[in-house]
Amino acid sequence: MQTVLHPADSRGHANHGWLNSYHSFSFGGYHNPERMNFGALRVLNDDTVAGGKGFGAHPHDNMEIISIPLGGTLEHRDNAGNHGIIRSGDVQMMSAGTGIAHSEKNHSHSEEVKFLQIWVIPNQRNVVPRYDQQSFRAEDRHNQFQQVVSPSPDDAGIWIQQDAWFHLADFDAGHAADYQLKKADNGLYVFVLEGAATVGGHPLQRRDGLGLWETESVAISADSAVQLLLLEVPMQ
């Protein structure tokens with residue numbers, strides 16, 4: 001098993017006043033040639049947006065873009081006529097494909113919104129752009145892996161244009177489980193949202209990230225109550 005550790009305090013950071021953003025991988029003004037991606041996982045941004053602020057309309061193409069709110073409410077609009085408001089417990093996906101322009105803003109004028117913005121490189125280029133959002137029950141990830149993203153519309157969660165699976169998990173202190181990778185040659189990137197866990201023998205704290213590959217399963221144990229995001233992606 002190969003591993004790469006990204007401690008929380010090693011991430012790129014940009015504070016624009018209205019936007020406070022931490023980058024697990026190179027993004028914007030943060031460029032680290034050793035932190036360009038983890039396989040097909042290209043971006044993992046940990047964003048906080050002030051009330052009433054947000055990203056104006058801007059274009060994307062040939063990227064799978066997933067937003068996971070951690071607190072507050074996030075509003076999406078795009079030039080295909082899609083409009084959605086998501087909050088903690090929801091997951092949103094935009095398959096940019098041949099090209100789409102969208103805006104993201106804090107739906108509240110008084111409270112911050114905190115969310116993860118994740119980009120995954122697709123396995124097919126120039127597909128028809130697509131938007132989706134779903135809500136997921138917190139109790140369905142208590143001491144288990146809750147699938148929120150998959151490669152198939154017939155599987156649990158939102159489907160994206162890549163052989164990737166995302167799971168959320170809320171473990172009680174002392175709970176342990178093995179994550180079984182879905183596909184040979186995929187890797188797993190584990191991001192600690194809150195709490196502490198030992199993953200593949202590595203102790204992790206809040207907002208640490210650990211990538212693991214060349215393995216069929218990964219042992220995870222909760223050192224405290226812990227909330228995890230697990231991103232399984234192709235390594236090629």
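The values are calculated or read from the model by the stated rules, or taken from the named source; none is laboratory data. Just so it is clear, the structure is predicted and the values come from calculations on it, not from any experiment. A quick note on method: Cβ atoms are made from the backbone with ideal geometry, for glycine too, and the neighbour counts reach across all protein chains shown. Remember, those area values only see protein heavy atoms, side chains included, never the ligands or the DNA or RNA. Shrake-Rupley method; radii C 1.70, N 1.55, O 1.52, S 1.80 Å.
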Extreme residue, nearest to H13 (Cα to Cα), among residues of the range 196-218 that are without any contact (Cβ under 8 Å) to a residue 40 or more places away in the chain and assigned to a loop (DSSP other than H, G, I, E, B): A196
Condition first: over 29 Å from G12 (Cβ atoms), in a loop (DSSP other than H, G, I, E, B) and touching a strand residue (DSSP E or B) at 6+ places or on another chain (Cβ under 7 Å). Can you find one or more residues in the range 219-233 that meet it? no
Restricting attention to the range 228-235, does a residue exist that is modelled with pLDDT under 95 and closer than 23 Å to N45 by Cα? no
Of the residues that sit in the range 126-155 and are touching a residue at least 40 places away in the same chain (Cβ under 8 Å) and farther than 25 Å from F55 by Cα, which one is surrounded by the most Cβ atoms within 10 Å (Cβ to Cβ)? F145
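Mind checking which strands (runs of 3 or more DSSP E) fall wholly inside the range 4-51 and carry at least 1 residues that are out of contact with any Asp or Glu (no Cβ under 8 Å at 6 or more places or on another chain) and charged (D, E, K, R)?
Numbers: elements: 12-15, 19-23, 41-49.
Where strands (runs of 3 or more DSSP E) fall fully within the range 4-51 and carry at least 1 residues being out of contact with any Asp or Glu (no Cβ under 8 Å at 6 or more places or on another chain) and charged (D, E, K, R), they are 41-49.
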Matching residues, the range 91-145, being farther than 18 Å from L44 by Cα and acidic (D, E): E111, E112, D132, E139, D140
State whether one or more residues within the range 52-74 are under 22 Å from S21 (Cα atoms), free of Cβ contacts under 8 Å to residues at least 24 places away in the same chain and open to solvent by 20 Å² or more (accessible area, probe 1.4 Å). no
Quick one: in the range 85-121, of everything that is in a loop (DSSP other than H, G, I, E, B) and either among the acidic types (D, E) or under 15 Å from the mean Cα position of the chain (by Cα) (or both), which residue is nearest to Q161 (Cα to Cα)? I121
Taking strands (runs of 3 or more DSSP E) that do not extend beyond the range 144-195, which have at least 2 residues that are of a type in the set (F, W, Y)? 165-171, 186-194
